[in-house]
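The values are calculated or read from the model by the stated rules, or taken from the named source; none is laboratory data. The structure displayed is predicted, hence computed values, not measured ones. Counting neighbours? That spans all protein chains shown, and the Cβs are built from the backbone with ideal geometry, glycine included.
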Amino acid sequence: MGDNNLNDKDPYKDDDNFKDDDIYVDEEDTSTSYTKVKSEEEEAAELEFEKKEAKKKRNRIINRVILVVAACVFVFAAYNLISILLEYKKGTDTYKKVEDDVIQSEEQTIVITDENGQQSSVDIPFVYDEEALKAINSYAIGYIYIPSIDIRLPMVQYTDNDYYLHHLIDGTYNSSGCLFEDSRIEGGIDASHVIIYGHNMKNGSMFGLLKYYNSESYYKSGNNDKIYIYTGNELREYTIFSCYVSEPISDTYTYNFSTLEGMRSWASSMQSQSIYDTGVDISNSQQVITLSTCTNDGKQRFIVHATLTGSATIDN
């Protein structure tokens with residue numbers, strides 16, 4: 001018996017049931033399947049491309065919207081800034097014209113007499129024409145002069161405390177407003193307690209520089225403690241005795257005292273609130289003026305109190 005060789009006979013060679021057709025792959029079917037797969041891939045790629053393009057388009061639109069919004073914000077901010085600057089300029093120009101019409105730049109040496117009869121010489125840089133000021137505004141009560149911060153401005157007392165918050169002395173609407181005495185005070189500029197309001201303007205105009213009196217060293221430099229008021233043909237000298245921050249509604253704004261003793265007691269209380277000791281004697285004060293302006297945040301008020309320390313008659 002010989003070895004059985006599995007290679008001697010192909011088990012499928014003579015099998016009629018096994019034909020080449022049984023292992024034949026239809027090329028047409030393969031081609032169709034490949035084409036179908038390729039088509040799906042292309043569609044997926046096209047869809048992905050369209051998504052990316054749509055995203056790019058959205059981003060371009062968003063960027064344009066942001067650019068337009070930014071440009072609008074810039075234009076609006078620029079417009080507001082220009083409007084504010086023009087408001088400042090209008091206010092400054094108006095008060096410069098009033099000064100030209102009312103003030104005569106004639107430096108004089110005058111003699112101030114205090115409440116005790118003591119006299120001292122003071123150099124003043126100008127005199128003012130009351131009639132010319134009254135011609136501009138019949139509610140005018142005088143001119144205030146603060147040498148330390150070079151304030152030379154007219155003051156009024158009107159029938160309310162609102163109008164001159166936003167109107168210049170000539171009646172023009174303007175955010176600078178006008179310095180004005182509290183309308184509720186009886187006796188006007190001659191009352192025992194005179195309250196003068198003014199804006200804390202960012203350009204330093206009106207009462208914008210009163211904040212310097214936050215500093216004790218500033219107060220004690222030179223004659224920075226002096227305030228002058230021109231009214232009629234009289235020049236009044238005041239000495240600052242208290243500076244502090246107050247709430248908008250407080251005892252600071254007490255007025256129409258029935259007696260000088262009551263006013264002096266109130267003034268002593270106000271002096272105790274000062275942020276530094278001025279050392280000014282107010283026990284015999286005949287009159288106090290209060291300058292009031294907003295703090296930088298607008299929530300409180302910066303206060304400067306000054307007591308009358310002398311007066312003089314001036315030649316207009």
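Quick notes
- SER265 outside any strand (DSSP E or B) and exposed (fewer than 14 other Cβ atoms within 10 Å of the Cβ): yes
Yes/no matrix, rows are residues, columns are (1) in a strand (DSSP E or B); (2) at pLDDT below 95; (3) within 33 Å of the chain's Cα centre (by Cα):
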{"position": "ASN116", "(1), (2), (3)": "no, yes, no"}
{"position": "SER121", "(1), (2), (3)": "yes, yes, no"}
{"position": "TYR143", "(1), (2), (3)": "yes, no, yes"}
{"position": "MET155", "(1), (2), (3)": "yes, no, yes"}
{"position": "ASP160", "(1), (2), (3)": "no, no, yes"}
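- Leading residue by the ranking (surrounded by the fewest Cβ atoms within 10 Å (Cβ to Cβ)) among those in segment 80-110 that are within 18 Å of GLY177 (Cα to Cα), more than 21 Å from the chain's Cα centre (by Cα) and without any contact (Cβ under 8 Å) to a residue 24 or more places away in the chain: LYS96
- THR231 of a type in the set (Val, Ile, Thr), buried (at least 20 other Cβ atoms within 10 Å of the Cβ) and either within 25 Å of HIS199 (Cα to Cα) or touching a residue at least 24 places away in the same chain (Cβ under 8 Å) (or both): no
- Residue match in segment 121-133 (condition: among the small types (Gly, Ala, Ser), more than 16 Å from GLU237 (Cα to Cα), surrounded by 10 or more Cβ atoms within 10 Å (Cβ to Cβ) and touching a helix residue (DSSP H, G or I) at 6+ places or on another chain (Cβ under 6 Å)): yes
- When segment 269-293 is filtered for residues that are closer than 21 Å to TYR228 by Cα and not in a loop (DSSP other than H, G, I, E, B), the ones remaining, listed by number, are MET270, GLN271, VAL288, ILE289, THR290, LEU291, SER292, THR293.
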